[in-house]
1. State, to one decimal in nm, how far the label point of VAL153 lies from the label point of THR138, with both points 7 Å from Cα in the Cβ direction.
2. Can you put SER248, SER201, SER213 in order of Cβ neighbours within 10 angstrom, beginning with the fewest?
3. So if we plug the beta-carbon distance of PHE175 and ALA241 into 1/(1 + (r/R0)^6) with R0 = 22 Å, what FRET efficiency do we get, rounded to 0.05?
4. For each of VAL228, VAL101, count neighbouring Cβ atoms within 10 Å of the residue's Cβ, then give the residues from fewest to most.
Amino acid sequence: MNHEREFDESLATWLDEGAETAPERFVWTAISDAEHTAQHGAWLVLLKEFFMHLKPAAPILGVVAVAALAVATYQLVWAPNVGGPTIGPREFTADDLPAIVMNEENALAGFTIDEANRQTGALALAMPLRPGGDTIDTTAFVDALAITGGDDVGGYTTWTALFETPEAANDAFEFIAAEHDSPEGRDLADTRTDPGLGEQSATWTGQQYDFVSAQTIFWREGNLLLAVVGFAEWDADDVRALADAMASRAD
């Protein structure tokens, strides 16, 4: 067997076996089987083209050296797509809050900010809660910020509450959501929809926060809770636009 033929056979065997012969740390974790198959094929085409350019050098490099190069290339090119650490949600800090809520720089066109009604800390955390209801667990609570603004027709409050961990934020999300859903709370379960924001989200429309009509979009992103509330002559498009803008700034 000559060197070129030996190289071809070694390369074909390695490529045909593919991911099944990779070390255990190279495991698919985040995409579907269909995506897996398509991406696997695409990478194999690129790898085959790359290694074909190495054929003239095979007698010099030797099969062992080329095989070592193949494994190294596999790890550099393929491995990022089949394993490695998973990037989780962003970890928020108190310094992030002022830039996420509505402010003078990012308010919708025609909106003014009511700085006199700025709320922070525990007072801001309590804003979505029903007066006289159960108190929320503040063991892992860090800070909260609420800013109100609007135009000459509707009013809007943007709200954030920060917790030490995503788990604590999840518990707070469930608590506040239950306050809105429960007949003993705001009794808005029949109006609840999912706006598709963050890791958990809900929208309620109806009588709440002492307003005859209001709309709330509420969601969680990692260790942060976020909300937009439209009240008075609120506009659903403005509520959604404010929520989308906050979600983008929290991305």
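Where a number appears in this text, it was derived from the coordinates with a stated rule and is not lab data. The shown structure was predicted, so the numbers you read here are calculated from the model rather than taken from an experiment. For neighbour counting, all protein chains shown are included, and Cβ atoms are generated from backbone atoms with ideal geometry for every residue, glycine included.
1. 3.8
2. Final ranking by Cβ density, sparse to dense: SER248, SER213, SER201.
3. Using R0 = 22 Å, I get an efficiency of 0.20.
4. Fewest to most other Cβ atoms nearby, the residues stand as VAL101, VAL228.
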